[in-house]
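The values are calculated or read from the model by the stated rules, or taken from the named source; none is laboratory data. For clarity, every value in this text was computed on a predicted model and none was experimentally measured. Because the Cβ atoms are built from the backbone with ideal geometry, glycine has one as well, and the counts that use them run over all protein chains shown. Remember, those area values only see protein heavy atoms, side chains included, never the ligands or the DNA or RNA. Shrake-Rupley method; radii C 1.70, N 1.55, O 1.52, S 1.80 Å.
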Amino acid sequence: MSNVAVSFKYVQKKFAGAAETAIDQLSFTIHQGEFVTILGTSGSGKTTTLKMVNRLIEPDAGEIEVYGQAVTSFDVNQLRRKIGYVVQQIGLFPHYTIEKNIATVPDLLNWEQTKTTARIKELMATIQLPYEEFAKRFPRQLSGGQQQRVGVARALAANPDLLLLDEPFGAVDAITRKELQKQIKQLHQSLASKTFLFVTHDITEAFFLGTKVMIMQAGQIEQFDTPENIIRKPKTTFVKNLLATVYAEEEIWRQYQ
Ligand SMILES: Nc1ncnc2c1ncn2[C@@H]1O[C@H](COP(=O)(O)OP(=O)(O)O)[C@@H](O)[C@H]1O
Ligand SMILES: [Mg+2]
């Protein structure tokens, strides 16, 4: 039995003034090394779920654990440094070089400069932005796709066991997006036993990347299983309808072949 990386037990969240409950009695277990994609329509509670893991949002009730420890038992800054976080808006510091952006967490942790530089060089090789060419550039001197890769490198800098990604490729063009998907999948495979939790509203992206896919609707899980099991045995009408939209799209392309 592998280690549990993240667990939710009866987690509940209703935002002040909101009519609907954002997260409704949400329970699940994610094992170490999995690449879990959270798939759902806008407003289904994906971002709220992710932000409760690193305590950017606090639940009203329920228990959330990371590696067997309640998230509330950590100092919040300590917790966030242990967990990588990548968002669509990237959030690179515009007046810091690429090198300095990637060094954000190592600098906060007061790593020795030689260790930080070695780590930056290693990460920049991983994301295929050669150090000599890119380290001294500023974010505006990179394409959107390259900036996204720097965002991923920055999140991985202090070697976190858990990486949270919230629609990280939402703002890049379709071709770049496909390329980034392949790269993030390879990255996960190369980093043995790291756990990725990746939010998307793109069905194909969710099924391509996920070792397991969590389909959410109205703050609850419709189905949480391997892509294969979901496709073979969709559990609810919602899931069947979701898959039907993909098959309908396929038809559009097939008619011209
Ligand atoms: N800070 C907030 N205040 C009030 N309501 C919020 C807030 N954040 C999210 N919500 C609501 O909670 C629900 C879930 O939102 P969210 O988790 O952002 O969905 P998703 O990421 O799946 O699009 C939505 O109905 C949204 O309007
Ligand atoms: Mg969201």
State the extension gain, in nm to one decimal, for the chain segment bounded by residue 143 and residue 256, taking 0.36 nm per residue of separation less the distance between their alpha-carbons. 37.3 nm
Contour minus Cα-Cα span, residue 174 to residue 125, at 0.36 nm per residue, comes to 15.3 nm
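Taking R0 as 35 Å, what FRET efficiency do you get between residue 96 and residue 16 from their Cβ-Cβ distance, rounded to the nearest 0.05? Working shown, then result.
Values: r = 35 Å, r/R0 = 1.00.
The formula returns an efficiency of 0.50 here.
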Express in whole angstrom the spacing between the alpha-carbon centres of segment 155-215 and segment 59-97. 17
Potential extension, residue 78-residue 236 segment - 0.36 nm per residue separation minus Cα distance: 52.9 nm
Just list whichever of 185/212; 9/51; 136/182; 100/136; 136/178; 82/194 have alpha carbons separated by over 18 Å in the model shown. 136/182; 136/178
Per residue, how many Å² of accessible area does the chain show with a 1.4 Å probe? 51
